[in-house]
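The values are calculated or read from the model by the stated rules, or taken from the named source; none is laboratory data. Model, not experiment: these values are computed from the prediction. As a convention, Cβ positions derive from the backbone with ideal geometry for all residues, glycine included, and neighbour counts pool all protein chains shown.
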Amino acid sequence: MTDPDILADRRRIRRKLSFWRFMTVVVAIALVAGLFARFQGSGRNSDHIARIDISGVITDDQPLLDLIADAAENDSAKALVVSISSPGGTTYGGERIHKALVEAGKSKPVVADIHTLAASAGYMIAASTDHIVAGESSIVGSIGVIFQYAQARELLDKIGVRLEEIKSSPLKAEPSPFHDASDEAKAMIRSMVLDSYDWFVDLVAARREIDRTQVLALADGSIFTGRQALKNGLVDALGGEAEIRAYLKSRDVDDTLEFVDWKRPDKTANMIFGTRLASIVQQFLGLPASLSGEIDRLSGGKLFLDGLVSVWQVGGQSESFELGRGK
């Protein structure tokens, strides 16, 4: 056998070995993915207390709504606990979560577990539950409304730039950052702000079963510690898991049941292999571990909020309701 023949045989053998190695890896990944998917959902098949995390800026979040609906419909989930740590977000996003939690409460007890912060739309969500537990130093409240917009007219005058506009009616695209708002524009915005404020106040009064006059006294945008919120009726108890279990026991839920974290699927993870396996593949390919978060950041994520916004702002006003406009 000539040397070229030997080399050709070796190449064929290497190709076969490479093929079977590749197939072995594929089968192993499929088996691991199957086992992972099976064990990931196994905790949901036996009686438990479902726990869903709601943190960061609140937006119109359909996967979260689906998760809440699934937990509400799961007969093995005897109660639902939402762990909240949020400064708020879009009012519409908070409204949808509010309605989803109220609906879940029709089939099982729903408890809010406030961690660091539940302000503005974050508190709106907490108030949607049957029982609110907070830490003594948790930040709670920020029930109030403000509309903010920038005014750049003087800056443009200094650099010699002027914006001309032709619009269909005086209130179109008002208020504008390029000129002072007219009295009519201010009246329009104030009407919207007061309507949003009334809706928020009525929601808290109804869900917390507090007289509206009392809620109005609290609804000036103020924030409270957990201890203060307990005194004024915005929360029901101070503590954590033990207090949650005590309440659930009063609702005829077995207080020895395990808490099972219900998590939404990672939207950037591989749909076949699952989140953890996708992470392993990322590392194997030499991709950064923070790829998912980076994609979320670069794609907009929750950085850009349109529509009415209910956010507690540490460096400014207690709450901001803003109206986004299309161009």
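Computed values, structure above
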item	result
Residue that is surrounded by the most Cβ atoms within 10 Å (Cβ to Cβ) [pool: residues in region 215-257 that are under 23 Å from the mean Cα position of the chain (by Cα), farther than 16 Å from residue 129 by Cα and of a type in the set (Val, Ile, Thr)]	223
Neighbours by Cβ (under 9 Å, 6+ apart or cross-chain): first from region 179-192, surrounded by 14 or more Cβ atoms within 10 Å (Cβ to Cβ) and of a type in the set (Gly, Ala, Ser); second part of a helix (DSSP H, G or I) and modelled with pLDDT under 90	181/189
Checking residue 207 against (1) touching a strand residue (DSSP E or B) at 6+ places or on another chain (Cβ under 6 Å); (2) surrounded by 12 or more Cβ atoms within 10 Å (Cβ to Cβ), the condition it does not meet	(1)
Odd one out for residue 84 among (1) over 25 Å from residue 139 (Cβ atoms); (2) outside any helix (DSSP H, G or I); (3) under 10 Å from the mean Cα position of the chain (by Cα); (4) not small (Gly, Ala, Ser)	(1)
Subset tally (residues that are under 20 Å from residue 60 (Cβ atoms), surrounded by fewer than 24 Cβ atoms within 10 Å (Cβ to Cβ) and at pLDDT below 95) for region 97-146	0
Search result, residues across region 212-253 that are of a type in the set (Asp, Glu) and closer than 19 Å to residue 120 by Cβ	220
Subset of region 54-74 (residues that are modelled with pLDDT of 95 or more and either crowded, with 19+ Cβ neighbours inside 10 Å or part of a loop (DSSP other than H, G, I, E, B) (or both))	54, 64, 67, 68, 71, 72, 74
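This table checks each residue for (1) over 19 Å from the mean Cα position of the chain (by Cα); (2) hydrophobic (A, V, I, L, M, F, W, C); (3) under 30 Å from residue 248 (Cβ atoms).
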position: 116; (1), (2), (3): no, no, yes
position: 121; (1), (2), (3): no, yes, yes
position: 125; (1), (2), (3): no, yes, yes
position: 136; (1), (2), (3): yes, no, yes
position: 142; (1), (2), (3): no, no, yes
position: 146; (1), (2), (3): yes, yes, no
position: 165; (1), (2), (3): yes, no, no
position: 172; (1), (2), (3): yes, no, no
